[in-house]
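Okay, structure first, notes after.
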Amino acid sequence: MTEPLIYELSKPGRRGYTLPRLDVPELEVQQVIPAPLLRSKPPALPEVSENEVVRHFVRLSSLNYHVDRGFYPLGSCTMKYNPKINEDLAKLPGFTHLHPLQPEETVQGALALMHALQQFLAEIAGVDAVTLQPVAGAHAELTGILLARKYHEDQGRPRSVVLVPDSAHGTNPASVTLAGYEVRVVRSTDRGTIDLTDLERNLSEDVAVFMVTNPNTLGLFEEEIVVVARRIHEVGALMYMDGANLNALLGKARPGDMGFDIVHFNLHKTFSTPHGGGGPGAGAIGVTAALEPYLPVPRIEEVEGSWRLTYDHPKSIGKIHGFYGNFLVMVRAYAYIRMMGPEGLERVAEDAVLNANYLMERLKSLLPVAYPRRCMHEFVLTGKLLKKLGVRTLDIAKRLLDYGFHAPTIYFPLIVPEALMIEPTETETKETLDAFVAALQRILKEAEENPELLRTAPHTTPVRRLDEAWAARHPNLRYTRDPSQPQG
Ligand SMILES: *Cc1c(COP(=O)(O)O)cnc(C)c1O
């Protein structure tokens, strides 16, 4: 099944609306809009009836796999189901009709909400101050490293190196490089956690920051984190926590208590903003009191009984986004945290970890677990043994689509060959997890009996296997009606 473009559904003169009769004096358009600004030709808009528009977009929405349709075990990304009530709240006109340039006295409620959210996040992470301004995890990482740079400059030396474990998400080294630091990789042990000996080898007064994900991208808790933090602080460096995996810790353990100085939150992963379509996100960061002066402006402060956006922070790194970030993401996070309460948030962590361990136990006889230990909210399998059948992890991922499941994250983390990284999240039932196990069981049987079926999968999706390399090398994103032109 494919869906034509809405332009292809267009018929001249077809309308999806009727306007009331004009009840004001008719003006020539030139009397309202200056002639140089007028088009010479009408725009080429599609002409379709209302039900055609609705059906077109409903059909399009179901061509794509999404979390409202089924299980989405994409590790690292936390593709959980988010309560729809938070969408309703974020759509309230009192929020959506705000303008960022409105006078502060007319947006007191919004500022109070943002301030309260900062306090909640500070409490959750065990830090002293929070900014909501960064708009993604990667953006938060960059902001965090820029804060650290300013801090070290104030100490008299910016230093030159940021340490990153070999299991890190790709955005970590990218953000570090963008902030002007050299990345140095710290190896993992064969238990999947930071190798303290390799850390010692890399430690020096040139190190500005150690950027750690905890639990790490193998889904393992860094048990030595307190020792690591102490060693890092002994050389005057700072601890940064990539908090994309905060689901696993909510209400149970706090990065600040582990010795982290900076931590980011992916509000769009942990706190109820749906993501995956590249929509707006928010990468709030929390810091210790020593780093607070460097946070981006504006900050939200109470001045003489009302909320103000304050800019008078001389040590601040400045602005890192237009206005103060993606406000409606903050509304969802605020509503979610209020709704869940401390006990609800703790249940998130418990259920996320329970679901992951249940799934890992059920799957470990099908595919080897890369680091077979009790996991946190996610775990990593390896498909390396299937190579002898001529089947790759990519083929399993594609075949899962035929069984109605989104694929797990594949080929990440890089230290696991043919990796499948699975994060069930706290929002799935046992029945869903069992159905996923059954699908993988059947697929692995197919791998032995008919590997070609996997290599050519998916077979039932609207679009079959794509040549991703070709698409990347020949991007053609422009629609043209001319059938002789190549279509992107
Ligand atoms: C998602 C993720 C990031 C990046 O966050 P974005 O919001 O996608 O920029 C960084 N680290 C880890 C471990 C992640 O899962």
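Please treat every number below as a calculation from the coordinates, not as lab data. Being a predicted model, the structure only gives us computed values, none of them experimental. Using ideal geometry, Cβ is built from the backbone for each residue, glycine included, and neighbour counts are taken over all protein chains shown.
If I take every Cα pair under 8 Å that is 6 or more residues apart in the range 349-473, average their sequence separation and divide by the length, what percent do I get for the relative contact order? Before the final figure, lay out each step's value.
Values: 184 pairs, mean separation 35.4, N = 125.
Contact order relative to length: 28 percent.
The residues 375, 77, when put in order of fewest to most other Cβ atoms within 10 Å, stand as 77, 375. Relative contact order for the range 177-224: 31 percent, from Cα pairs under 8 Å spaced at least 6 residues apart, divided by residue count. Within a straight-line Cα-Cα reach of under 16 Å, residue 269 can be paired with the following lysines, leaving aside sequence neighbours fewer than 8 residues apart in one chain: 80, 84.
Relative contact order for the chain: what is it in percent, counting Cα pairs under 8 Å that are at least 6 residues apart? With pairs under 8 Å counted, the relative contact order is 18 percent. Beta bridges per DSSP, both residues in the chain: antiparallel share near 55 percent.
Expressed in nm², what is the orientationally averaged projection area of the convex hull enclosing the Cα positions of the chain?
Values: hull surface 118.5 nm².
With every direction weighted equally, the projected area is 29.6 nm².
Taking neighbour Cβ counts within 10 Å as the exposure measure, how do 470, 307 sort from fewest upward?
Values: 470 9, 307 20.
Arranged by neighbour count, lowest to highest, 470, 307 become 470, 307.
Among 296, 326, 341, which residue has its Cα positioned farthest towards the positive end of the charge dipole of the range 273-369, with +1 placed on the Cβ of Lys and Arg, -1 on the Cβ of Asp and Glu, and the dipole taken about the Cα centre? In the range 273-369, that residue is 326.
When 210, 323 are arranged by Cβ crowding within 10 Å, least crowded first, meaning fewest neighbours, the order is 323, 210.
Charge tally around residue 3: other residues with Cβ under 10 Å, Lys/Arg +1 each, Asp/Glu -1 each, net +1. Distance from the Cα centroid of the range 201-251 to that of the range 321-344 is 26 Å (rounded to whole angstrom). When only alpha carbons of the range 1-134 are considered, Rg and Dmax amount to 23.4, 64 Å.
Positive contributions from Lys and Arg (+1) and negative ones from Asp and Glu (-1), summed over other residues with Cβ under 9 Å from the Cβ of residue 287, come out at -3. When only the Cβ of Lys, Arg, Asp and Glu is charged (+1, +1, -1, -1), the dipole of the range 86-339 relative to its Cα centre reaches about 380 debye. Summing Lys, Arg as +1 and Asp, Glu as -1, what charge do residues with Cβ under 14 Å from the Cβ of residue 19 carry, residue 19 excluded? Here the count lands on -1. The percentage of C-alpha pairs in the range 349-473 whose separation is greater than 19 Å is 48%.
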